[in-house]
Amino acid sequence: MGMPRGVDLNLDCFNLSAIAETGTWAGTMQAPLGAEKFSFDSKAFWLNVDGGEDLAVEDVGLFRDVFNPHMSDRREEGDRFVPPQTGLSYQHRLKLLVGEETEVARKRKEHFFSGEFVADSSGPLFPASWSSTIGSDAAAARAKTLVPRPDLQAEQTTLRHILDASAPHFDRRAEDGARFLVYRVGSLEVRAVSDRDGEMHIGAVYAAADSAAAPVVAGQN
């Protein structure tokens with residue numbers, strides 16, 4: 001094998017819709033003629049995943065999902081890391097797998113924000129460690145008394161101020177890094193999800209049935 005030589009590949013842009021030799025760095029990316037013979041090393045790969053301009057936006061998103069640091073420790077391999085294949089079939093399989101995980105995450109949020117969610121019995125969509133082996137009749141009974149308050153959910157700014165001054169009653173992190181949070185503020189129950197990037201989404205507000213008309217009071221806890 002000859003010694004590696006520096007080559008100006010003129011990498012203005014990549015496009016995973018273009019076809020090249022499967023298993024090489026060029027793979028399905030748009031690259032200069034002959035580029036499929038050269039290696040896309042670990043340093044170049046991570047630089048692009050972290051915000052470089054050589055990969056298309058949708059491909060950066062795909063690789064960020066695949067190498068989610070909450071689920072993958074591949075970065076710790078350093079120079080030993082070998083970037084994934086970029087052939088069309090391989091990329092298609094990756095997208096299918098990520099799509100399945102995205103659907104699970106969507107269903108988790110949907111259930112978490114619904115009136116069916118019970119903290120002590122989270123159900124099969126969530127890690128088994130979240131559910132008590134004994135269960136709580138009180139928690140299940142309380143869940144049945146909750147009344148949705150979409151009018152209060154619309155008061156996002158007020159709610160965020162209240163949550164900033166409150167400690168969550170329920171705080172669990174899923175394997176993908178998403179945090180599922182339940183706050184109890186007086187007679188209200190506020191449910192939020194903080195994605196792995198730290199952005200919080202308040203997805204549901206409930207009130208106990210006997211106080212469903214209760215207003216939000218700033219600083220109430």
List, in order, the whole-Hz ³J(HN,Hα) value for each residue of segment 100-117 obtained from phi through the Karplus relation with A = 6.51, B = -1.76, C = 1.60 and θ = phi - 60°; use x for Gly and Pro. 5, 5, 5, 5, 4, 4, 5, 5, 4, 4, 4, 5, 4, 7, 7, x, 7, 6
Length released on extending from Arg106 to Ala208, taking residue separation times 0.36 nm less the Cα-Cα span: 34.1 nm
Report the calculated FRET efficiency for Ser132 and Arg173 (r = Cβ-Cβ distance, R0 = 25 Å), to the nearest 0.05. 0.90
Summed side-chain charge close to Glu189 - residues other than Glu189 whose Cβ falls under 12 Å, Lys, Arg +1, Asp, Glu -1: +4
Want the number for Val147 to Asp79: 0.36 nm per residue separation, take away the alpha-carbon distance, what's left? 19.0 nm
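Could you order the peptides 144-152, 58-66 from most to least packed, using the average number of other C-beta atoms within 10 Å per residue?
Top to bottom by mean Cβ count within 10 Å: 58-66, 144-152.
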Ranked from highest to lowest mean number of other Cβ atoms within 10 Å per residue, what is the order of the peptides 168-174, 200-206, 93-99? 200-206, 168-174, 93-99
Tally Lys/Arg at +1 and Asp/Glu at -1 over every other residue whose Cβ is under 13 Å from the Cβ of Ile162; what's the total? -1
Quick one: Cα convex hull volume of segment 144-195, Å³ per residue? 98
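Bear in mind that the values in this text are calculations on the coordinates, not laboratory data. Not measured: the values here are computed from a predicted model. Note that we place each Cβ from the backbone using ideal geometry, even for glycine, and neighbour counts take in every protein chain shown.
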